[in-house]
1. Identify the residue in segment 344-375 that is of a type in the set (Val, Ile, Thr) and without any contact (Cβ under 8 Å) to a residue 24 or more places away in the chain and, among all such residues, is surrounded by the most Cβ atoms within 10 Å (Cβ to Cβ).
2. From the set of residues in segment 424-438 that are within 12 Å of the ligand (Cβ to nearest atom) and more than 14 Å from the chain's Cα centre (by Cα), which is farthest from Ser516 (Cα to Cα)?
3. How many residues does segment 192-213 contain that are more than 16 Å from the ligand (Cβ to nearest atom) and buried (at least 22 other Cβ atoms within 10 Å of the Cβ)?
4. Just to verify a result, which residue in segment 484-517, among those that are of a type in the set (Gly, Ala, Ser) and under 21 Å from Thr131 (Cβ atoms), is surrounded by the fewest Cβ atoms within 10 Å (Cβ to Cβ)?
5. If you go through segment 72-110 one residue at a time, how many are at pLDDT 85 or above and over 18 Å from Phe126 (Cβ atoms)?
6. Filter segment 439-483 for residues that are in contact (Cβ under 8 Å) with a residue 60 or more places away in the chain, more than 16 Å from the ligand (Cβ to nearest atom) and surrounded by fewer than 21 Cβ atoms within 10 Å (Cβ to Cβ) and give the result.
7. Could you check segment 96-129 and list, in sequence order, the residues that are surrounded by fewer than 23 Cβ atoms within 10 Å (Cβ to Cβ) and among the aromatic types (Phe, Trp, Tyr)?
8. In segment 296-355, which residues are over 21 Å from Arg203 (Cα atoms), among the basic types (Lys, Arg) and not in a loop (DSSP other than H, G, I, E, B)?
Amino acid sequence: MKKLLFLLLLVVATDVFAKGDDPYMGIIPAPVSIKKFKGEFKLTSETLVLTDSGEHKAIKFFARYLKKTGLGGSITDINVFDKNHRNIKNSITVVTNFTGDLPPEGYELTVDGDHVVLHGRGPGLFYGIQTLVQLIQYKPGASSAAIPFVAIMDYPRFGYRGMHLDVARHFFDVDFVKKYLDLMAAYKLNTFHWHLSDDQGWRIEIKKYPKLTEVGSMRAQTKIGRAGIDTGLYDNTPYGGFYTQEQIQEVVAYASERYITVVPEIDMPGHSMAAIAAYPELSCDPTKSYKVAETWGGFTDNVLCPTEENFKMIDEILQEVLGLFPGKYMHVGGDECNKTAWKASEFCRQLIIDRELKDENGLQSYFISRIERFVNSQGHSIIGWDEILEGGLAPNATVMSWRGEAGGIAAAKQGHDVIMSPGTAGMYFDHAQSKSTQEPLSIGGFAPLAKTYKYDPVPSELSRDEQKHIIGVQGNLWTEYIATPEKAEYMLLPRMLALAEVAWTPTANKNYKNFSEERVPHNLARLEVQGYNFRVPVAIGAEDTVISKAKYNADLQPSVEGATIHYTIDGYAPRETDVPYIAPLEIVVPDKKTIDFKTIVVTPSGKRSIVTDTKIEN
Ligand code: TNX
């Protein structure tokens, strides 16, 4: 009997967990408008996919999905003007040739009765497919899958929805970059900012200057631990890697299939130690010897010297880079440029006088403007970090605001386009996700999921017209302390899901409780099946705190659908071998005693959350 009761409890508990009444039906980012209806469409291998263009990227994506899952019906070309296809039962109609009234990148999706119908404008059709895929209740191995009845109309808040990856501090191979792009596409992000050069490594093959990769892509060893903490320890292991031009093209094509534009970054004039190690003449003092940086943080002699020979060389390098990236933007860095080497240089001092520049900041501005002139001449536009404001903005530059929002606000007021990416507002995914000492080594800042989610990229101090210059938002993944794909995914997820909603969803539709308690658990469960790593959030309702009470009611839910919460009250850290939490608990604490209620979430594949500790004192 006891056993039966236990089982019953279990069933009731899991049912409660599965039954959330999520108005957004698990979709991330939350759509603009969504209406739920009773009933489901059944997707089977008999389902016909009807389209006016089998070659459209959205259809090709869907065909791959159907093939991979084994669910899929056959793709049939139709004439959109022949309305008879509406009478074909068990069909999914995807119309690329849509002339109706939809905002850019918008789509409309209806699932009802025997039909799924999707319309989209440009990339909107692809985003409609992403939403459809999120709605498909697919269990690996099953021969059919339900799609709940729904009507959605959707389009993005911002045109630039970016995610950055630093491959200079640590290198990530093409397979990982593709996996990263898959994730971005699934959550409707459309710009991949690829940080290809820095002090610690040059990662892109340049045919005319082979030493950039021969020398610049390798460092002799890597500092152990965080910058600024002098451990005096190094790992004694050479480290390197770079992409050939063919590999770069492969990534650009892969991204383009998913409506993702790749923005390459070559960081200048600072952050250039790897290039200078390869070609010391790029520095202001070529007599010195340079090596690819082996530690993190700022450097004084990593700055390119603004000589005519160097501009010629940089232009030639950029010409090769731009030839590989068809997108509008090239990111030229411009951040954290230490001016010490310029101050010490006779040449630079004279140049400041000759060009009637104010000081070294003026020289930085001159440098960026020269680069901009070249990039513009090749038909592209530059983006730079907000330091490019100092000393005057290059005429057509877009500013990426990372040191808070001040740079972005100033640039928008000057009529420049802005991408918001403030480290202070949760856009830096190299920051820790909680204050617990159980988090892995990170750069030091603090960016929990809620902070990322709550960010609004449009500052209220801008006028309506100035606000139009905020073209989008970006999350950054700097990798000083991220050496593996697993850790990159841990730092990225679930925060990237919050970023997606910041970038796409109208503010009025955002709801952190629904996002974090309903949709994140659902999406993390799906991502686990797809083989992604992520930070498992702590159990919903678990409090890491000290409470004065005689009785404590623990009412928890797993943070990942299908995961189990385990707990202890004996002071030890819980693990999967401890008691599972299946229903609300009442913990009674005797007078003048303390009970430590500790929880952990363990996912079906064995990923673990950090341990929470609620100390209940009476
Ligand atoms: C600042 S953000 C940098 C990077 C570091 C990052 C670490 C920016 C433009 N520059 O070089 O990796 O902080 O959070």
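The values are calculated or read from the model by the stated rules, or taken from the named source; none is laboratory data. Predicted model, so just to flag it, every value in this text is computed and none were measured. Virtual Cβ from ideal backbone geometry, glycine too; neighbours counted across all protein chains shown.
1. Pass one, segment 344-375, residues of a type in the set (Val, Ile, Thr): 352-353, 368, 371, 375.
Okay, now just the ones that are also without any contact (Cβ under 8 Å) to a residue 24 or more places away in the chain, so 352-353.
Working: Ile352: 19, Ile353: 9.
Only one residue tops the list, namely Ile352.
2. Thr424
3. Keep residues of segment 192-213 that are more than 16 Å from the ligand (Cβ to nearest atom), which gives 192, 204-213.
Restricting the remaining residues to those that are buried (at least 22 other Cβ atoms within 10 Å of the Cβ) gives 192, 204, 206, 212-213.
Summing the residues that are more than 16 Å from the ligand (Cβ to nearest atom) and buried (at least 22 other Cβ atoms within 10 Å of the Cβ) in segment 192-213 gives 5.
4. First, the residues of segment 484-517 that are of a type in the set (Gly, Ala, Ser): 488, 498, 500, 503, 508, 516.
The next check asks that each one be under 21 Å from Thr131 (Cβ atoms); those that pass are 498, 500, 503, 508, 516.
Details: Ala498: 31, Ala500: 24, Ala503: 28, Ala508: 7, Ser516: 19.
By that ranking, first place goes to Ala508.
5. 5
6. Correct list: Ala450, Ile471.
7. Phe98
8. Within segment 296-355, Lys343, Arg349 qualify.
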